[in-house]
């Protein structure tokens, strides 16, 4: 019986990743992957800066993978680094002005994608969808994920 539940959840996951284009090489019609986009999102909502360790802990990223992404971000001048006062080996990372512009485009594209996804729905359907999404979040939040 549990195998059937797992199969249904995995089927839904495959469906939803296709709907929102997570597997597209150019996520949201940009040059960035989903992981890169998420890193930029986190930097945007943390204007006080974040360390590489913060990303590893928050997003459960491999250190080497994160390092390669951050190197590319530096090369493209998307981020700025400042030494951490109490640990000269660590840096606080911030979005540069170029990074803020790139994130703004990602954010706008995400907004438009979501609007397009919801456009055929009636208000009652949207409310039901959001209620179900909140239910999923609530149930999975109780499982120590």
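Every read-out reported here was derived from the displayed coordinates using simple, explicitly stated rules and does not represent laboratory data. This structure is a prediction, so every number in the text was calculated from the model and none was measured. Positions of Cβ are backbone-derived with ideal geometry, glycine not excepted, and every protein chain shown enters the neighbour counts.
The Cα center of the range 1-68 and the Cα center of the range 106-128 differ in position by 20 Å. Placing a pseudo-label 7 Å from each Cα along the Cα-to-Cβ vector at residue 42 and residue 8 gives an inter-label distance of 3.3 nm.
The label point for residue 56 and the one for residue 89, both projected 7 Å from the Cα toward the Cβ, are 1.0 nm apart. Springs join every pair of Cα atoms under 10 Å in this Gaussian network model of the chain, and among 57, 108, 42 the largest mean-square fluctuation is at 57. Shape class for the range 75-145, computed from the alpha carbon gyration tensor (a ≥ b ≥ c): oblate, with a/c not under 1.5 and a/b at or below b/c. Residue separation of residue 82 and residue 116 scaled by 0.36 nm, minus their Cα-Cα distance, works out to 8.3 nm of gained length. As a size descriptor, the averaged projected area of the C-alpha convex hull of the range 48-116 was calculated at 5.6 nm². Between residue 63 and residue 139, the modelled label-to-label distance comes to 3.8 nm, taking each label 7 Å out from Cα in the direction of the beta carbon. Between the helical axis of 2-20 and the dominant principal axis of the chain, each derived from Cα atoms, what acute angle in degrees is found, rounded to the nearest 10? Value to nearest ten degrees: 60. When the Gaussian network model of the chain links Cα atoms closer than 10 Å, the mean-square fluctuations of 28, 93, 118 top out at 118.
What does the extension gain come out to for residue 23 and residue 130, with contour length at 0.36 nm per residue minus their alpha carbon separation?
Values: separation 107, 0.36 × 107 = 38.52 nm, distance 2.33 nm.
Length gained between residue 23 and residue 130: 36.2 nm.
For the chain, what's the relative contact order in percent, using C-alpha pairs closer than 8 Å and at least 6 residues apart? Relative CO of the chain lands at 20 percent.
Dividing the convex hull volume of the alpha-carbon atoms in the chain by its residue count gives 158 Å³ per residue. Between residue 123 and residue 35, the contour length at 0.36 nm per residue exceeds the Cα-Cα span by 28.5 nm. Helical content alone sets the calculated 222 nm signal of the chain at -21000 deg cm²/dmol, taking -39,500 (n - 2.57) per DSSP H segment of four or more residues and averaging over every residue.
Among 50, 40, 133, whose mean-square fluctuation peaks in a Gaussian network model of the chain (Cα, cutoff 10 Å)? Looking only at 50, 40, 133, the biggest GNM fluctuation is shown by 133.
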